[in-house]
1. Extension gain His13-Glu278, at 0.36 nm per residue separation less the Cα-Cα distance, in nm?
2. Counting only DSSP beta bridges with both residues in the chain, tell me the antiparallel percent, nearest 5.
3. From the helices alone, meaning DSSP H stretches of at least four residues, give me the mean residue ellipticity at 222 nm for the chain, per-run term -39500 (n - 2.57), in deg cm²/dmol to the nearest 500.
4. Whole-Å semi-axes of segment 241-325's equivalent ellipsoid, largest first, each the root of 5 times a Cα gyration tensor eigenvalue?
5. For the chain, with all protein chains present and a 1.4 Å probe, just round the carbon and sulfur fraction of the accessible area to a whole percent.
6. Efficiency by 1/(1 + (r/R0)^6): what FRET value for Asn316 and Leu364, r their Cβ-Cβ distance, R0 = 25 Å, to the nearest 0.05?
7. Where only protein heavy atoms count, and the probe is 1.4 Å, what is the accessible area per residue for the chain in Å²?
8. Lysines within cross-link reach of Lys20: Cα-Cα under 23 Å, excluding same-chain residues under 8 positions apart?
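The values are calculated or read from the model by the stated rules, or taken from the named source; none is laboratory data. Computed from a predicted structure; not experimentally measured. Here the Cβ positions follow ideal geometry from the backbone for every residue, glycine too, while neighbour counts run over all protein chains shown. Accessible surface areas use protein heavy atoms only, side chains included; no ligands, DNA or RNA. Shrake-Rupley method; radii C 1.70, N 1.55, O 1.52, S 1.80 Å.
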Amino acid sequence: VFNAKTAELLSHHQVEIQQKFPKEGWVEQDPKEILKSVHECVERTCEKLQQLNIDITNIKAIGVSNQRETTVVWDKTTGEPLYNAIVWLDLRTQSTVERLLKRIPGKNKAFFKFRTGLPLSTYFSAVKLRWLLDNVEEIRQAVDDGRAMFGTIDSWLIWSLTGGKNGGVHCTDVTNASRTMLFNIHSLEWDPELCQFFDIPMEILPKVRSSSEIYGLMVSFLVCKSGALTGVPISGCLGDQSAALVGQMCFEDGQAKNTYGTGCFLLCNTGQKSVFSEHGLLTTIAYKLGRDKPVCYALEGSVAIAGAVVRWLRDNLGIVKTSQEVEKLAAEVGTSYGCYFVPAFSGLYAPYWEPSARGIICGLTQFTNKKHIAFAALEAVCFQTREILDAINKDCGIPLNQLQVDGGMTNNKVLMQLQSDILCIPVVKPSMPETTALGAAMAAGAAEGVGIWSLNPGDLTAVTCERFEPQINPEESEFRYARWKKAVMKSMGWETSEAPSNGKPE
């Protein structure tokens, strides 16, 4: 919960959502657990507000932000999900992608780029939805019976919170729609030809709205002992990366931010013109802050594994018990001692779009220990960001002179200093790291009919920031970057889909 006048964070609560990995490369979440976590966070946050003697009737609008591309299909008559949500970095659709590519002239991954801004990849929702229709009998049946609804997580939440099976609103916003591969980013409508290509029935798709307007009202949602949020408008909706761009106030052409979450996402605002990348970046919708407001576009570089590499060191290798320990281990050595880590657990995203890559750690010697590996893991996040920044600089022609950053990993000072060293430019971090939530709140508060948040640059409160300046010489930075690129080449072409099933977990 934010103060609309000062953008100050008043109260918050968070719950870690469980990821499920039922098979090699599969990543799922339970849509009902996601909804339950939202209920829990709202309740706890409101309780904390009351402890601060803030009346929750002062909450005038609700914004939604979500991990984009994650795909859910549910039954509109029962309100029940028909399958777990397939998470954005899930790889099960690789064979679906290869099958679809055969139907494209010259197997050109970029065939739909000028309509969608995206290459054909396992990453986007259309391919996940195609897999669900091909593999889940309940979903096929629900589509035949006219009971199925498709949405990304924002749609599932808005529908559920505005009444669900009793009149819930089935909608999404332009930023989320632009990540499905079914949406024309110029006409701002679902594209019948794309739906035909993926063989997806248009009637299951949500209605596409702007990122800032009243979609519906919160229904009978009782909160703790203090009353209810019933009737509060849900009036902001932005995919997480767009929300962070808004929360970082990147409203000018050429302003960019990098969010360090599970993955890493660098967005550069290109204003009202869509710029198409020659260097492996995506063209995406940045925001449309009102029904009658212009749509703005962004160039985006997506890295699949950032914070997820720290989680992997903790949960899979067990070399640390908490995520914070990775920073401590890395700080103790201050170097990877020639060890390089390419965390291509889900293939490589931008700028390569190479699904055949797999994670590797190379340059190991008898001297290497877990501290070096921890350092190499953090360095990998920074190198991946550098590759994207290089691509953005080439596409935009104006090199960035500083990078604005946000997201959970920015609390790691070793990482932030490393990032500045590897980019050779300052890294600027707002002292309030919850910029994604802030962006959703700004969109909700600024909506027509709510009107409590001004988005005029002159009215926006200047944010206090922490700066990290480069501390190593550029030659050393270039040398390490060149070694990293050599490691990336070694990670490619590892996986082939034709391989026998050689005891892979089924």
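1. 91.3 nm
2. Details: 43 of 57 bridges.
Within the chain, antiparallel bridges account for around 75 percent of the total.
3. -10000 deg cm²/dmol
4. Listed largest to smallest, the semi-axes of segment 241-325 are 32, 14, 9 Å.
5. Details: 10890 of 20970 Å².
C and S atoms contribute 52 percent here.
6. The value I calculate is 0.90.
7. Details: 20970 Å² over 506 residues.
On a per-residue basis, the chain sits at 41 Å².
8. Partners found: Lys32, Lys36, Lys128, Lys321, Lys504.
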